[in-house]
Structures are given as structure tokens and as C-alpha cells.
Amino acid sequence: MRTGTATSRAVAAEAWDPVLASAGPQAQELGEQILALAHEVAVKPLRGPLTDPGRTSDDKALLVARLFAGRVDERVVALLQALVRGRWSHPVDLITALHDLGIQAILTGARAGGTLDDVEQQLFAVQRVLADNREIRESLEPSRRSRQDDRVDLARHLFASHISAPAMSLVIWCVRHRPGITAGGVPHNLRRVTELAAALQNRTIADVVTAIPMTRVQEARLRAVLAQRIGTDIELNMKVDPSVIGGVRVSVRDLVMDSTVRSTVTGLRNRLTG
């Protein structure tokens, strides 16, 4: 039997799913509010009082009402009340649950409004900017030399005029959220969100690296081969890297196919040198 965090998340999700479904495109706004609320709970900090096992469920729900009623949508207040009525193995688990539910709401609302693919592509564009510009990437990463608010302001300055409000909310979450020390920072967070967006469209992202751009015909053939093997539609995340010389490297889920010349030369060198 599940206890603690798992049960609390499951109970809240069961109550939240029909609310999310009925919200339609408005779920995007609810998701933005959830992520903003999660940030406020984390920085105050409020997660301790809201998860304190020594307080009654009603007391914690009343605290939520006092803090947030009238400030955010009543459906978001009700969601947080459902969450705090549960028991959490660790206080930070409440924040994680809010993050996941907020991201889900934004993406689900975008799907309902027919803009999910646009949001996903905008996030891919941000990923490419970070991959191509080390200075921007490092400026957005957590550092003792910069404040989180300054990094968020920089992200808004760089991207807000180029992407939609829901996509910007997700980028801000990616800048604020700190994954594990070795997880990869903002690029890791962006990848997580784009994978969730792809999954809502029954797609799997495949990373493809070639020395020169593939033709549309080649891309279509690669999608068909991967779709047959993976069992879902495939979205190609293309990258051109002249250093691979020739061939193609494909990474999708746990599958890696590397037929690049660079890989072949490296393998041969390793065999020759033992």
C-alpha cells in the first residue's frame, strides 16, 4: 500500500484531472499560477508549515485559504488544499508535486487550445540558443555571483518577445528549478518539459546529429524506421555537427545508433591501441 508522498500525489491528481479537463485552454493560466505559487511556497518558506504532520489537515487547508484565496484562481487554491491535506515523506515533495502539476496544466491547456506544438517548438528554439551560446547558458545557470531574480529577468529579456506566455512561464521554471547537481541545469529542465509535451502528442523525441542537414525525404525515412521500432510517432531534434564528418548518430530513449565516421575512426583507433 502506498503511503506518504505517493498517496498524497495520487489523491490530489485524481481530484485535479477532471478540473484540468474541464478548464480547456484556460488550464495554461492555471498552470502558470501553480508554478508561481510553488515558487512562493519554496522561497517564503511555507513548505514546512504546509506539510507539518503535527498540524491537522483542516488547519493546513485553512492556512492555504488565508494565504492565497483571492490571489489565485479558486481551483488552484482547492488543489493546494487537497495537497496539504495529505502526508509528505519530505516537505520538498510538495514543491515537486506542484511543479509537475503546473507543467502538466500548461501543456494540457496548450493542447486544448491547439498550440501545444507551437509551445514545444518554442522550447526547442530556446534549447538551441543555449546550446549555441555558452555565455547565455552559463548566465542562466545558478551561481553564487548572480541572484535568481536577475537570471529570470535575463531570461525574460532574451526570450519573452519571441515566445508565447505559456512557453515563457515554462522557461522561467527551467531557470528557477535546480535539478540534481549533475543533472544538467537549465538545458536538462528544458529537455524534460519538451519530452512531456511530446508525450502528450504521443510522440518520442529522437536526437539526430549529422555533418550536413538531412533532406526531407531522409528525415521522413528515419522517422518511419524509428516509429516502427519505438512504437510512437517520432519527433526529430536535428543538430548539424561537421566534426562527425559523415554518417548519422541517433539517440532515442535508451537506444543509440552511431554510424558516424568519427565514431568509426575512434573505434578503429581503440582497437589498434588495445
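How much of the DSSP bridge set in the chain is antiparallel, in percent, rounded to the nearest 5?
Working: 8 of 17 bridges.
Percentage antiparallel, nearest 5: 45.
What list of whole percents do you get for P(r) of segment 4-62, with Cα-Cα distances grouped in 10 Å bins up to the one holding the largest distance? P(r) over segment 4-62, rounded to whole percents: 19, 42, 35, 5. Relative to the longest principal axis of the Cα atoms of the chain, the long axis of helix 261-273 makes an angle of roughly 80 degrees. Relative to the longest principal axis of the Cα atoms of the chain, the long axis of helix 116-132 makes an angle of roughly 60 degrees.
Under a point-charge model restricted to the Cβ atoms of Lys and Arg (+1) and Asp and Glu (-1), what is the dipole moment magnitude of segment 1-96 relative to its Cα centre, in debye to the nearest 20? Before the final figure, lay out the partial values.
Numbers: 11 positive and 11 negative charges, 69 e Å.
Its charge dipole is roughly 340 debye.
With respect to the chain, whose longest principal axis is taken over its alpha-carbon atoms, helix 148-159 is tilted by about 50°.
Order these peptides, 141-151, 112-122, by their mean beta-carbon neighbour count within 10 angstrom, highest first. Don't jump to the answer; show the numbers that get you there.
On the way: 141-151: 11.6, 112-122: 17.9.
Result, highest mean Cβ count within 10 Å first: 112-122, 141-151.
One equal scatterer on each Cα of segment 38-132, no solvent, Debye formula: the resulting log10 I(q)/I(0) at q = 0.13, 0.20, 0.21, 0.25 Å⁻¹ is -0.56, -0.95, -1.00, -1.24.
Only the Cβ atoms of Lys and Arg (+1) and of Asp and Glu (-1) were treated as charged; on that basis the dipole of segment 85-241 about its Cα centre amounts to roughly 300 debye.
Is there a quick way to get the dipole size of the chain? I mean about its Cα centre, with the Cβ of Lys and Arg at +1 and of Asp and Glu at -1; what is the value in debye to the nearest 20? All intermediate terms of the calculation are to be shown ahead of the outcome.
Working: 35 positive and 30 negative charges, 165 e Å.
Roughly 800 debye, rounded to the nearest 20.
May I ask for the percentage of alpha-carbon pairs in segment 120-202 that lie more than 18 Å from each other? The partial results should precede the final answer.
On the way: 1240 of 3403 pairs.
Here the tail beyond 18 Å accounts for 36 percent of pairs.
Specify which residue in the list PHE68, GLN201, GLN33 is farthest towards the positive end of the charge dipole of the chain, using unit charges on the beta carbon of Lys, Arg (+1) and Asp, Glu (-1), about the Cα centre. Checked the options; the winner is GLN201. Using a probe of 1.4 Å on the protein chains alone, the accessible area found for TRP16 is around 10 Å².
The values are calculated or read from the model by the stated rules, or taken from the named source; none is laboratory data. Source: prediction; values computed, not measured. Note that each Cβ is placed from the backbone with ideal geometry, even for glycine, and that neighbours are counted across all protein chains shown. Surface areas here come from the heavy atoms of the whole protein model, side chains and all, with no ligands, DNA or RNA. Shrake-Rupley method; radii C 1.70, N 1.55, O 1.52, S 1.80 Å.
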